[in-house]
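This report refers to the structure that appears directly beneath it.
Quick note: the coordinates plus some simple rules give every number you see, no bench work behind them. Model, not experiment: these values are computed from the prediction. Here the Cβ positions follow ideal geometry from the backbone for every residue, glycine too, while neighbour counts run over all protein chains shown.
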Amino acid sequence: MAVRKTKHDMPEQKPKDRIKNFNEVPYGYDEKTAIEEAKRCLQCKNRPCISGCPVEIDIPEFIKHIAEGDFDKAVEVLKTKTNLPAVCGRVCPYENQCEGECTLLKIGEPVAIGRLERFLADYERKKGVKIPKKAKSTGKKIAVVGSGPAGLTCAGDLAKMGHRITVFEALHDPGGVLMYGIPEFRLPKEIVKAEVNYIQKLGVEINYDVVVGKTITVDELMEDYDAVFIGTGAGLPRWLKLPGENLEGVYSANEFLTRVNMMRAYQFPEYDTPVKIGKVVATFGAGNVAMDCARTALRLGAVKSYIIYRRSEKEMPARDEEIEHAKEEGVIFKLLTNPVKFFGDDKGLLKEVECIEMKLGEPDESGRRRPAPIEGSNFKIKIDTALVAIGQSPNPLVPKTVKGLKIGKWGNIETDEDGRTNIPGLFAGGDIATGAATVILAMGAGKRAARAIDEYIKSKE
Amino acid sequence: MYPILRREILSENVKLIKIKAPLVAKKAKAGQFIILRIDEKGERIPLTIADYDRKKGTITVIFMEVGKTTKQLGTLKVGDSILNFAGPLGQPSEIEKYGTVVCIGGGVGIAPLYPIVKELKQSGNYVISILGARSEKLLMLEKEIDEFSDELHICTDDGTKGTKGFVSDILQKLIDNKKKIDIVWAIGPVIMMKVVANLTKKYDIKTLVSLNPIMVDGTGMCGCCRVSVGGETKFACVDGPEFDGHKVDYDNLMLRNRRFICQEEESCKLAGV
């Protein structure tokens, strides 16, 4: 029987409906579709997909069990490597990872590994999550700073190894960027909470409202714990550094998304935190965060939602799927356009942005063609809200307060491949070490650091 | 959960609460603030620390009921608890021996001034305190501040207590009387800090002000609290809340503090407060 060349479609909310709500966009596969999709897998001997997975999931094995209809067995295989499958199955850039290595690409589309992972995670959550057997207690204590994807993964893996883990979270909710950054319609917060709940059931304790660096220092944690892992992420917003950027109506992507996602401003006034956006919203930047901003603005009632980006479509860093979703929903892309200045009215309220058209020149150090302004092409757009989504830097709060810690040139914590810092017993991983990247890379870093921490602790015995 | 151990009504719409938060109390220093969230649906608001007790593990905050959250906070009783309470945040005041220090507090700004006065005095400074409010019943902590001040001046807008006039008038008099002033701390309404800073700038007296912009996370993540200081964008939550008073763009701060006034009204109306 010939193999089907395309992925099975995943049903989703229609664009005209979904821009009126914050519900998740795709519905996920049903059992029958999941089995059919799983049957497309060739079960290659060399298993190239696994090499594309930062957390080393045994992909052909779990797919094989799905194809056989044995979902419980498939879940078991999946969960030996990942603690957050429902998250990964939604926000991983599979196309560059597992699916990017799939043999089926030679004849058509890869196996929909991401959709299958999501299917399994949702299947398990509905059924009731099973807690795996843990290793015998080692009596060792490890502190994890930050409960984002890196911290949660590291904590979960270390707990499975039998260590006692305490996570310190600065905010009032767990999940880090999964909670404050990624919108409900892409990653429902109930799902994040369920995954965190699983990690807590592994024996991980999470302490909220503890701002490490302020409430307690890493140096103090080092005295009380056998090892410390820092996963505090890339929480420092970058600015355009343009005149008028402090006008009322200009938000960093972080502020806008934190208000809407973590503080639930979209349910104001039921929830106390407000957000206001007016009719026309411009988002600056074209990464995943920018797409999240532009799509969130539509759901909050924006009549027009622009993405303003200085390069062309080809250079946009967002995932194709996110760009596609944004386009379907009516986000207007103003490419090869760069902001120059924000203008306010006499009350200091943002009302206009002046932009200049750009052209692409020679490739720069990132390999992308460098944009240059076209003299005299300036024009103005009337806007009520500007969302600055041009990237984040590592949050300096923790690195700055650790004595003798080696810091890189972007304010990141310097580590080796496995998360070891220059201080023995102190580890770091995720965006705080690499600068802003993806959820799955942070998880991979958390996983490698967990192994390195276990090794470190055993070596001291 | 963080229980309320003490509650006092200082004036009609100004209240004091003492909260059990041992980790915060252990590290708290003058000039820093906390962020609290009353309940699951609440917003995060910053309040400057008015006092702390490391041994008892308590933090005291004093707040004016201006919006939905502070009004709701004002209804809580001893024994009630607050869901989230994080801190101490921001940079502490730089307390050292300067010589003669003038500490100016306006209205509810007198509260965060108190620990600064105390620590400046304990560091061997000659402390002149100037407290001002709209009227007598809005003044607070006179006795407490007097205890750590070498001189105490009081003024009210309506003349119900002390000199009739503004804190800046008293400061001007001190300057006119050739009082040698090494540094000024000014905490109060933005307009008061602006007026004081404009005055001291003329005489080249270093002046620190404590800013209270709107915040969300309070850890440098969102930039909601950004202020322009000497033409540079700073985050009050991590770089402040105290800044060189001569460099702050007060007009922008006032503007940004009004960002959500309409929503605030809506929220208060709905909550019936």
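Details
- Gyration tensor verdict on chain A (Cα atoms; rounded if a/c is under 1.5, prolate if a/b is larger than b/c, oblate otherwise): oblate
- Three-way shape call for region B:37-92 based on the alpha-carbon gyration tensor, with the a/c threshold at 1.5: prolate
- The helix-only estimate of mean residue ellipticity at 222 nm for chain B, built from DSSP H runs of length n ≥ 4 each weighted as -39500 (n - 2.57), is -8000 deg cm²/dmol after division by the residue total.
- GNM result for chain B, Cα springs below 10 Å: residue of B:E144, B:E12, B:E43 fluctuating most strongly: B:E12
- Using a Förster distance of 25 Å, the FRET efficiency for B:N198-B:V66 (Cβ separation, nearest 0.05): 0.50
- All other residues whose Cβ lies under 11 angstrom from that of A:V196 are scored, Lys and Arg at +1 and Asp and Glu at -1, for a net of -1.
- Within a straight-line Cα-Cα reach of under 23 Å, B:K27 can be paired with the following lysines, leaving aside sequence neighbours fewer than 8 residues apart in one chain: A:K214, A:K400, A:K403, B:K18, B:K55, B:K56, B:K97, B:K118, B:K121.
- Estimated vicinal HN-Hα couplings, Hz - region B:28-34 in sequence order (Karplus 6.51, -1.76, 1.60; Gly, Pro = x): 4, 9, 4, x, 8, 9, 10
- Amide proton proximity set for A:V111, modelled H, under 5 Å, gap of 5+: A:L104
- Among the residues of A:213-223, the average count of other protein chain beta-carbon atoms within 10 Å of the residue beta-carbon is 3.
- Under Karplus coefficients 6.51, -1.76 and 1.60, residue-wise ³J(HN,Hα) of region A:111-119 in Hz, glycine/proline x: 4, 7, 4, x, 5, 5, 4, 4, 4
- Taking 14 Å as the straight-line reach from the Cα of A:K327, the aspartates and glutamates in range (excluding those fewer than 8 positions away in the same chain) are A:D292, A:E313.
- Extension reserve of the A:T401-A:K134 stretch, reckoned as 0.36 nm per residue once the Cα distance is removed: 92.7 nm
- The distance from the alpha carbon centre of region A:81-142 to that of region A:321-368 is 35 Å, rounded to a whole number.
- A:R369 long-range amide H proximity, modeled H, under 5 Å: A:D364
- Loop-located trypsin sites (Lys or Arg not before Pro) across region A:110-149 with a Cβ neighbour count of 16 or fewer within 10 Å are A:K130, A:K133, A:K134, A:K136, with loop assigned by DSSP.
- Each of B:D150 and A:K106 was given a label point 7 Å from its Cα along the Cα-to-Cβ line. The distance between the two points is 8.8 nm.
- Label-point separation in nm, B:K179 to A:T80, each point 7 Å along Cα→Cβ: 7.7
- For region B:1-55 and region B:126-157, distance of Cα centres in Å: 22
- In chain A, the DSSP-assigned H stretches of four residues or longer account for a calculated mean residue ellipticity at 222 nm of -8500 deg cm²/dmol, using -39500 (n - 2.57) per stretch and the full residue count as denominator.
- Extension gain for B:D169 to B:E96 (0.36 nm times residue separation, less C-alpha to C-alpha distance): 23.6 nm.
- Relative contact order for chain A: 16 percent, from Cα pairs under 8 Å spaced at least 6 residues apart, divided by residue count.
- Of the chymotrypsin sites (Phe, Trp or Tyr not before Pro) found in region A:352-437, those in coil by DSSP whose Cβ has at most 12 other Cβ atoms within 10 Å are A:W410.
- At an R0 of 35 angstrom, the distance between the Cβ atoms of B:E232 and B:K26 translates into a FRET efficiency of 0.60.
- Lysine pairs in region B:157-223 whose alpha-carbon atoms fall under 21 angstrom of each other, counting only those eight or more residues apart or on distinct chains, come to 18.
- Amide proton proximity set for B:L208, modelled H, under 5 Å, gap of 5+: B:V184, B:W185, B:A186, B:G245
- Efficiency of FRET between B:D251 and A:E354 - r from beta-carbon atoms, R0 22 angstrom, step 0.05: 0.50
- Residues of region B:113-149 with amide N under 14 Å of the 7 Å Cα→Cβ point at B:D158: B:133-139
- Computed label-point distance, nm, for sites A:Q43 and B:D39 using a 7 Å Cα→Cβ extension: 5.7
- Residues in region B:187-201 carry Karplus couplings, in order, of 10, x, x, 3, 5, 5, 5, 5, 5, 4, 5, 4, 5, 5, 5 Hz; the curve used is 6.51 cos²θ - 1.76 cosθ + 1.60 with θ = phi - 60°, and Gly or Pro positions show x.
- Computed over chain B: relative contact order in percent, which uses C-alpha pairs under 8 Å that are six or more apart: 17
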